[in-house]
Structure formats: structure tokens, C-alpha cells
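Below you'll find the structure, written out as C-alpha cells, and then a few comments.
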Amino acid sequence: MSDALLLFLPLIIPAAAAVIGLFLRSQCGLQAIIGVLGSAGMLIAGLLLVARADAVGVIATQSGMWEAPFGISLVADRLAAAMVSVGGLVAFAGAIYAWRDLADGKLGPYFVPLMQFLMMGVQGSFLTGDLFNMYVWFEVMLVASFVLLTLGNKRQQLEGALKYVILNILASSLFLIGAGLIYAKLGTLNMADVAVRLAHPEQADLVRTSGVLLLAAFGLKAGLFPLFFWLPSSYHTPRPVISAIFAGLLTKVGVYALMRTTTLTFAAKAPVLLELIYVISLLTMVSGVLGAAAHFDMRRILSFHIVSQIGYIILGLAMMTPIAIAGAIFYTLHHIVLKTNLFFVSGVVNYMRGTNDLARLGGLVKATPWISVIFFVSAFSLAGIPPLSGFWAKLAIVLAGLDLKAWGAVAVALGTGVLTLFSMTKIWAEVFWKEAPEDANTTDKRTGLWPMLVPCVLFMCITIGLGIWGGYVFAYAERAAEQLLNPREYIEAVLGAGALTTDVPGAGRVHP
Amino acid sequence: MKTKSLLFAQMPRVALPLILVLAAVTFYRGHHVPGGGFIGGLVGALAFILVALGQGTEVARKVMRVEPISLLWLGVGIALFSLILGFIGGDGGFHGLWLDEFMVPLIGKVHLGTPMLFDLGVFLTVMGFATKVGFGLQEDNL
């Protein structure tokens with residue numbers, strides 16, 4: 001298969017599935033099948049991309065055969081390929097999980113096409129090599145997510161969606177202004193070309209401004225301190241499958257954009273940005289986990305944990321050493337799987353008992369030992385208990401911190417781990433372990449539960465697998481980090497060999 | 001919601017074919033001069049939204065014959081097809097493929113290709129979206 005087709009497939013498949021889904025909007029059963037097939041196709045395309053990118057390095061194609069930097073480039077290095085496949089995996093699990101809701105008519109005729117359009121936006125953001133094109137993919141993703149967030153038209157949903165919409169539009173404007181400044185200054189938006197032009201010493205002036213604007217935009221989407229408050233107030237309101245996919249994937253798109261732009265363009269020219277990211281990451285970890293400790297609704301607690309975990313990933317990015325970046329990549333992959341699964345479990349609990357309020361739940365360990373095991377594994381992996389995947393992810397970040405003698409960061413990372421464990425124990429004790437309160441609804445609804453359990457079990461196995469055989473994935477993450485820290489390969493894949501007249505300084509490391 | 005003005009109620013039915021022709025012209029000239037699928041689609045949608053304003057959305061839906069949503073998926077599908085054609089006949093996604101120019105009486109030289117097919121997809125998508133929203137806002141029920 002040609003590289004061009006390989007790069008376009010993750011976009012063609014969801015688009016085709018969405019079109020067919022819209023065509024079949026009166027037939028729920030067929031739509032559900034289309035959803036599963038489309039997502040499975042994305043997963044397979046992603047895995048092929050990983051195999052190819054890992055074998056030959058960076059692959060690129062130009063849409064319309066217009067040479068870069070004039071045409072829009074699609075590029076996949078190891079990081080992008082891995083993100084595309086994990087995105088496909090989450091969509092696949094979500095499509096199975098949604099089966100129950102679709103059959104009950106709770107998601108309506110537009111869920112499947114919207115989810116596929118959302119995935120097209122996500123995959124496009126991972127694969128594009130052009131800053132403005134990335135903005136367009138962000139918009140595709142956002143427009144679909146606005147509607148998905150309000151499917152069901154509940155009052156609470158509209159309230160959450162309002163915050164989500166306003167803040168994300170603000171982020172989009174900042175993104176656009178930042179990209180516009182880069183274009184005004186450099187006359188190009190192709191990220192590889194931006195990197196080449198920034199290599200000339202006289203181009204440094206406006207970089208910091210646009211860098212900070214993009215940091216604010218991506219940070220808002222990723223849920224960084226102090227712009228995260230839209231996240232916990234909107235992610236617990238939609239149907240569980242939607243909040244699971246949002247929780248797993250959408251913030252990571254912001255993280256990915258941050259990784260891509262920082263390593264490729266800004267890190268070498270504006271190291272002050274890395275110091276900024278470093279401080280923000282510590283504040284993000286602490287504020288997220290404290291928010292989680294203060295709440296008493298299962299999905300709200302989990303939403304705050306997204307924020308604090310993003311802090312770890314961004315800390316890895318800020319340290320900018322090979323092991324730190326590899327740790328950040330591994331952390332991202334592990335966290336996507338894990339967080340989606342925790343939301344899946346909370347959806348199962350909600351389905352059985354009709355609530356996610358910790359005070360009104362209890363006794364699930366006796367009622368459903370299997371679901372308790374799934375939650376137990378995921379929660380303790382999130383907290384970083386060995387030998388689960390979260391342990392290795394945290395270990396890499398902490399080791400990178402020790403290497404740089406960043407004692408403050410190490411202390412915050414370890415402290416946040418303890419507090420994470422505390423709030424996971426809180427959910428465990430309240431939902432699963434304690435006796436159900438007297439007035440609680442204990443007539444568990446179990447009929448038709450299996451489509452919701454299949455993805456939960458699948459993701460639990462992946463979490464355990466990532467813990468035991470994590471070495472392979474970590475080695476891959478290290479190879480991906482190497483590519484990120486030496487942008488030459490990426491630039492030459494996009495612009496052709498010999499595009500670099502001066503040497504591009506690899507992203508420098510910052511001493512906090 | 002219907003208007004009370006007799007003129008406004010009747011005018012759109014007369015204007016409809018004219019506006020649609022205008023939309024088609026705007027769309028066709030768009031490859032090299034201002035115009036194109038997006039703006040053409042908006043103009044086309046306007047024809048039906050005017051009918052909806054004059055005589056209500058039920059009449060407008062009847063005049064339009066197809067559902068707005070159907071235009072939407074058809075449009076996205078056509079645009080997607082033009083991408084895939086680039087792989088079948090060319091070297092990669094969206095690779096522009098053109099037919100030879102030929103003469104058509106009254107119109108003149110005609111030059112058709114996949115970029116125009118993509119633009120047709122945009123035209124239908126925008127038209128479907130704008131009519132869907134235009135009708136929906138009048139019906140208070142999206």
C-alpha cells in the first residue's frame with residue numbers, strides 16, 4: 001500500500017462511515033454496525049501506519065500533489081501513528097459500548113455519524129503537517145463534540161455545554177491569532193517549513209508571542225491550569241459513552257498539538273516557553289488532584305483526575321530529555337486507555353443503579369465482583385501501583401526529574417500520586433466496598449449489559465498487558481521521542497532532503 | 001410563521017428558479033474567479049429559505065423535494081469521492097484530474113475535473129446545512 005493511501009485512510013474511513021451513517025439514519029441496528037466497522041477500520045489503518053512509520057521513519061504525502069509548503073502535508077512519525085491507532089482503539093471500544101444505548105434509542109439517529117466526524121477531526125489533527133489545517137481539524141472535532149455533548153437535551157447538559165462552547169471558541173480564536181502571527185512573520189504555516197525558517201537567527205522576535213498564544217489555546221483544550229474548569233463541569237453530563245470517549249481522547253489532542261509544536265518549532269527558539277510549561281504542569285497536577293479530593297460524584301472525580309494526569313504528561317514535555325519525552329508519550333497512551341475504561345465502568349454503574357453519586361451507591365463488590373475487579377485494576381493503575389501500566393508511566397517521569405535534579409517536580413509528582421490513590425480509594429470504598437445505604441436502589445439492572453462489559457474487559461487486559469509487557473511500548477515511545485527531539489527527519493520527509501541549509505538545533509533541555 | 005404580505009408570499013415562487021440559476025452560475029465560475037461551491041450553496045439555500053419565509057416551511061420542504069439532511073450526506077459523499085478518485089486515477093489523495101475541454105452551445109468552453117466535483121460536494125453540503133438551519137429556526141425544532 002502506498003504511503004499516501006496509508007496516510008489518507010484514517011481520514012477516509014470515518015468520513016465514509018459518517019456518510020453511510022447519515023444515509024441510514026432511520027435504522028439504528030445498521031448504524032451501530034457501521035459505527036463498529038468504521039472504528040475497526042480506523043484501528044487497522046492506525047496499526048498499519050505504526051508498522052510503516054516504525055520501519056521507515058517519518059512518512060509524508062502532499063494532498064492534491066501540490067509540493068510542500070504550498071499544499072497541505074499529511075505526516076506520520078512514530079508519535080502520530082501511535083496516536084492514530086489508540087484513537088481508533090478508543091473509537092472501536094466506544095462503538096461497541098454504545099450498542100446498548102443505541103438499541104434503547106437513547107442516543108438518537110445522529111450519534112454514529114457525529115462520532116465518526118469527531119474521529120475524523122481527531123485523526124486529522126494527529127496527521128496534519130500544517131498549522132492552519134490543524135486549526136480546521138480542531139474545528140471539525142469541536143463542532144461534532146458540541147452536538148454530542150448536548151445529545152439528550154437535559155438542562156444540566158446545556159449548562160455544561162455552554163461553558164465548553166464558550167471556552168473552546170476562545171481557545172480557537174487564540175489558536176487562530178497565534179497561527180496568523182506566525183504567517184505574518186514567516187509567510188508559511190507548514191510546520192516543517194516554520195521549523196526551517198526559525199532556524200535562521202533573525203527570526204526569533206515574534207516566536208515567543210505566537211508560542212504563548214498557541215500554548216494558551218492548546219492548554220485550554222488539554223485542560224491545563226488555570227484554564228481547566230470547563231472540563232469537570234461538562235464531562236459528567238452527557239451519556240457515559242460520549243463522556244468516556246471525550247475523557248480519553250479530546251484532551252490528548254491538545255496535548256499532542258502541544259508536543260508537536262513545542263518540539264518542532266518553539267523549544268529551540270523560545271526556551272522560556274518550556275519553563276512556563278514546567279510551572280503550569282506542576283500547578284495542573286496539584287489543582288486537579290485537589291479538585292478530585294473535594295468532589296463526591298464518580299464522573300466528576302474522574303474528570304478532575306484527567307486534569308491532574310495531563311499535568312504529568314506536560315511535565316514530561318517540559319523537561320525535554322529523551323526519557324522524559326518517552327515517558328510523556330507512554331503516559332499519554334496509557335492514560336487514554338485507562339481513563340476511557342474508568343468512564344466506561346462509571347457508565348456501567350450508572351446503568352445498573354441509575355446514579356453516580358457516591359453517597360447513594362454501595363455494596364457493588366458483593367453484587368458484581370467482576371465490575372469491581374475491572375475498576376480496581378484501572379483505578380490502581382491510575383494511582384501508579386506496580387506492576388500496572390501507570391507505575392511505569394510515572395516512574396519514567398520521576399526518573400527524568402531525578403536526572404535533572406528537579407527535586408520540586410519529583411516531590412509534586414509523588415505527592416500527587418498519593419492523593420490520586422486517596423481519591424481512588426474513596427470511590428472504591430464508597431461505591432464498591434461499603435454496604436449500600438438503606439434508601440439506595442439495589443435492584444441491579446443486568447439485562448443487556450454485555451456490550452458494555454466487552455470493552456471494559458478489553459481495556460482492562462490492555463492495562464495489565466501494558467504493565468507486564470510495557471517494555472516494548474516504552475521502547476517504541478523512546479524511538480518516537482528521538483524523532484521529536486531531532487526534527488531533521490520530520491522536516492526532510494515533508495520538504496525533501498536538502499531543505500535544511502542550516503542545522504536545526506535540537507530542542508534544548510531546560511534546567512528548572 | 002407566514003408573512004401577511006401578499007407580495008412576499010408570492011415573490012419567492014417566481015424568484016426561485018432565477019436564484020437557483022444564479023447559484024449554479026456562481027458555483028460554475030468559481031474555479032478561477034470569485035464564486036464557488038460555498039457561496040453558490042448559500043445562494044441556492046436562500047432560494048428555499050425565501051419560500052419558507054413567505055409561505056411556511058411545509059411548502060418550502062415540498063418545493064425542495066429532498067430533505068436537507070440528504071443533501072448534506074450526498075455532498076460530503078461526493079467530496080470524499082473526489083478525494084478517492086485522486087488515488088484511482090492519479091498519484092495521491094485529491095490529485096486534480098481534468099477532462100479535455102469541450103464546447104457546449106451557449107455556455108462555451110467547458111473544463112471539468114475532480115476539483116469541480118469536490119466543489120459540487122461543498123455546494124450540496126452548504127445548501128443542505130443552510131436550509132436545515134433556516135427551516136429549523138422557523139420551526140423552533142432542530
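The values are calculated or read from the model by the stated rules, or taken from the named source; none is laboratory data. Nothing here was measured: the structure is a model prediction, and the numbers come from that model. FYI the Cβ positions are ideal-geometry reconstructions off the backbone, even for glycines, and counts take in every protein chain you see.
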Problem set entry | Criterion: under 12 Å from residue A:85 (Cα atoms), more than 14 Å from chain B (Cβ to nearest Cβ), out of contact with any Phe, Trp or Tyr (no Cβ under 7 Å at 6 or more places or on another chain) and not small (Gly, Ala, Ser) - qualifying residue of A:50, A:56 | A:50
Exercise. What number of residues within segment B:81-115 are within 7 Å of chain A (Cβ to nearest Cβ) and aromatic (Phe, Trp, Tyr)?
Worked result: 2
Problem set entry | Options A:183, A:135, A:164: the member that is part of a helix (DSSP H, G or I) and out of contact with any Phe, Trp or Tyr (no Cβ under 7 Å at 6 or more places or on another chain) | A:183
Exercise. Checking residue A:433 against (1) over 28 Å from the mean Cα position of the chain (by Cα); (2) among the aromatic types (Phe, Trp, Tyr); (3) at pLDDT 85 or above, which single condition isn't satisfied?
Worked result: (3)
Seminar exercise, completed: residue A:106 fails exactly one of (1) within 14 Å of chain B (Cβ to nearest Cβ); (2) touching a residue at least 40 places away in the same chain (Cβ under 8 Å); (3) in a loop (DSSP other than H, G, I, E, B), namely (1)
For this session: Could you tell me which of the residues B:96, B:134, B:128 is farther than 22 Å from residue A:23 by Cβ and at pLDDT 90 or above?
Result: B:134
Seminar exercise, completed: Of the residues in segment A:190-224 that are touching a Ser or Thr at 6+ places or on another chain (Cβ under 8 Å), at pLDDT below 85 and assigned to a loop (DSSP other than H, G, I, E, B), the one that is farthest from residue A:147 (Cα to Cα) is A:200
Exercise. When you go through A:44, A:13 one by one, which is the residue that is without any contact (Cβ under 8 Å) to a residue 60 or more places away in the chain, over 23 Å from residue A:131 (Cβ atoms), in a helix (DSSP H, G or I) and within 14 Å of another protein chain (Cβ to nearest Cβ)?
Worked result: A:13
Exercise. Can you pull out the residues in segment B:62-80 that are within 11 Å of chain A (Cβ to nearest Cβ) and surrounded by fewer than 18 Cβ atoms within 10 Å (Cβ to Cβ)?
Worked result: B:67, B:70
Problem set entry | All positions within segment A:384-409 that are in a helix (DSSP H, G or I) and within 25 Å of residue A:301 (Cβ to Cβ) | A:389, A:390, A:391, A:392, A:393, A:394, A:395, A:397, A:398, A:409
For this session: Please enumerate the residues belonging to segment A:256-310 that are within 30 Å of residue A:240 (Cβ to Cβ) and without any contact (Cβ under 8 Å) to a residue 40 or more places away in the chain.
Result: A:294
Problem set entry | Positions within segment A:122-140 being within 14 Å of chain B (Cβ to nearest Cβ) and free of Cβ contacts under 8 Å to residues at least 24 places away in the same chain, in sequence order | A:136, A:140
Problem set entry | Number of the exception - residue A:6 against (1) surrounded by 19 or more Cβ atoms within 10 Å (Cβ to Cβ); (2) within 14 Å of chain B (Cβ to nearest Cβ); (3) more than 30 Å from residue A:478 (Cα to Cα) | (3)
Exercise. Within the group A:71, A:64, which residue is closer than 25 Å to residue A:192 by Cβ, assigned to a helix (DSSP H, G or I), over 20 Å from the mean Cα position of the chain (by Cα) and at the interface with chain B (Cβ under 10 Å from one of its Cβ atoms)?
Worked result: A:64
Exercise. Of the numbered conditions (1) surrounded by fewer than 17 Cβ atoms within 10 Å (Cβ to Cβ); (2) at pLDDT 90 or above, residue A:405 satisfies every one except a single condition; which is it?
Worked result: (2)
Problem set entry | Residue list for segment A:179-198, filter: buried (at least 18 other Cβ atoms within 10 Å of the Cβ) and among the small types (Gly, Ala, Ser) | A:179, A:192, A:195
Problem set entry | Total residues in segment A:21-41, condition surrounded by 21 or more Cβ atoms within 10 Å (Cβ to Cβ) and within 11 Å of chain B (Cβ to nearest Cβ) | 2
Exercise. Among all residue pairs at least 6 apart or on different chains, which show Cβ distances below 8 Å where the first residue, located in segment A:174-195, is aromatic (Phe, Trp, Tyr) and the second is surrounded by fewer than 22 Cβ atoms within 10 Å (Cβ to Cβ)?
Worked result: A:175/A:135; A:175/A:213; A:183/A:132; A:183/A:189
Exercise. For residue B:110, which of the numbered conditions (1) surrounded by 15 or more Cβ atoms within 10 Å (Cβ to Cβ); (2) β-branched (Val, Ile, Thr); (3) without any contact (Cβ under 8 Å) to a residue 60 or more places away in the chain fails to hold?
Worked result: (1)
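The rows are residues; the columns are (1) farther than 30 Å from residue B:97 by Cβ; (2) surrounded by 24 or more Cβ atoms within 10 Å (Cβ to Cβ); (3) at pLDDT 95 or above.
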{"site": "A:44", "(1), (2), (3)": "no, no, yes"}
{"site": "A:55", "(1), (2), (3)": "yes, no, no"}
{"site": "A:58", "(1), (2), (3)": "no, no, no"}
{"site": "A:64", "(1), (2), (3)": "no, no, no"}
{"site": "A:95", "(1), (2), (3)": "yes, yes, no"}
{"site": "A:107", "(1), (2), (3)": "yes, yes, no"}
Exercise. If we keep just the residues of segment B:51-81 that are of a type in the set (Val, Ile, Thr) and without any contact (Cβ under 8 Å) to a residue 24 or more places away in the chain, which is nearest to residue A:10 (Cα to Cα)?
Worked result: B:66
For this session: Given the conditions (1) touching a Ser or Thr at 6+ places or on another chain (Cβ under 7 Å); (2) modelled with pLDDT under 90, report the number of the one that residue B:36 does not fulfil.
Result: (1)
For this session: Assess whether residue B:84 counts as being among the hydrophobic types (A, V, I, L, M, F, W, C), under 30 Å from residue A:75 (Cβ atoms) and without any contact (Cβ under 8 Å) to a residue 12 or more places away in the chain.
Result: yes
Problem set entry | Every residue from segment B:123-142 that is buried (at least 22 other Cβ atoms within 10 Å of the Cβ) and closer than 28 Å to residue A:64 by Cα | B:123, B:124, B:125, B:126, B:127, B:128
